[in-house]
1. Residues that are surrounded by fewer than 19 Cβ atoms within 10 Å (Cβ to Cβ), out of contact with any Asp or Glu (no Cβ under 9 Å at 6 or more places or on another chain) and in contact (Cβ under 8 Å) with a residue 60 or more places away in the chain: does the range 56-78 have at least one?
2. Identify, please: which residue in the range 80-99 is more than 14 Å from the chain's Cα centre (by Cα) and of a type in the set (Gly, Ala, Ser) and is, among those, surrounded by the most Cβ atoms within 10 Å (Cβ to Cβ)?
3. Of all residues in the range 22-42 being under 14 Å from residue 170 (Cα atoms) and of a type in the set (A, V, I, L, M, F, W, C), which is farthest from the chain's Cα centre (by Cα)?
4. From the list 194, 207, pick out the single residue that is on the phi < 0 side of the Ramachandran plot and either modelled with pLDDT of 90 or more or among the aromatic types (Phe, Trp, Tyr) (or both).
5. Taking the range 100-128 as the search range and keeping residues that are open to solvent by 30 Å² or more (accessible area, probe 1.4 Å) and within 19 Å of the chain's Cα centre (by Cα), which one is nearest to residue 68 (Cα to Cα)?
6. Go through the range 158-183 and give me each residue that's closer than 13 Å to residue 32 by Cβ, open to solvent by 50 Å² or more (accessible area, probe 1.4 Å) and either touching a residue at least 24 places away in the same chain (Cβ under 8 Å) or not in a helix (DSSP H, G or I) (or both).
7. Restricting the first residue to the range 79-101 and requiring it to be basic (Lys, Arg), which pairs with a second residue that is surrounded by 14 or more Cβ atoms within 10 Å (Cβ to Cβ) and not in a helix (DSSP H, G or I) meet a Cβ separation below 6 Å and a spacing of at least six or different chains?
8. Here is a check on your reading of the model: is residue 131 part of a loop (DSSP other than H, G, I, E, B) and surrounded by 13 or more Cβ atoms within 10 Å (Cβ to Cβ)?
Amino acid sequence: MARAIAELGFTTPTPIQAQALPILLEGPTDFIGLAATGTGKTAAFGIPLLEKIDTHQKHVQGVILCPTRELALQVSGQISLIGKYKGVKTLPIYGGTGYDAQYEGLRRGAHIVVGTPGRIIDHINRKSLHLKDTKVVVLDEAAEMISMGFKEDLEKILQATPRQSSHIWLFSATMSGEVRRVADTYLKKPKMAQVNRTEMLSTTVEQIYYIVRESDKPEIL
């Protein structure tokens, strides 16, 4: 793990990593992490999740839920890079594409599944994905997933996990009322980390917008 992290060029933890890593590496716990997009949340939950994986077991031990296929691919790629010397198999699962490669990846034995809620539900219903041995479920960008209408799917997935032997780590940029309700319903005595709430946009992300006519938008994009 240390070798892979060094190769990625990580030298100093970001604020959310500095707060979350000691808590999540210390021992089993439910967790809430509040930090803006682009502040290093993937490593904050990815490193301790990878530490929990037993590579001698072929079943799914970690599930990371993301609001979009783009984020699922990005998170899956990052987790694969951090865990490459551990031999951890990470599989992205998302809609808008065929099932065959995803079936094959699950059949071969993925340790961590990173996916969008709808497609994860599909695989649970098709019995191609089993969560009975899951150790950790990560809700990445929980507020965004709920705002996109995935609340019911999230709850179905959380209900399908063995709560006696698994833990939920919820990461979000904001703590809306709906996110709070999910946390209160499913998380047990969660520990918490929170970066400066006055800086909910990462200082490393540059934002640009253009005012255009609707008819010009495709061409300008």
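1. No, the range 56-78 has no match at all.
2. Within the range 80-99, the match that is surrounded by the most Cβ atoms within 10 Å (Cβ to Cβ) is 83.
3. 23
4. 194
5. Going through the qualifying residues, I end up with 122.
6. 167, 174
7. Taking only residues 6 or more apart or on different chains, the pairs are 89/110; 89/111.
8. So residue 131 passes the test.
The values are calculated or read from the model by the stated rules, or taken from the named source; none is laboratory data. Note that the coordinates shown come from a computational prediction; the quantities given were computed from them, not determined experimentally. Reconstructed Cβ throughout: ideal geometry from the backbone, glycine too, with neighbour counts over all protein chains shown. With ligands, DNA and RNA removed, areas are computed over all heavy atoms of the protein, side chains included. Shrake-Rupley method; radii C 1.70, N 1.55, O 1.52, S 1.80 Å.
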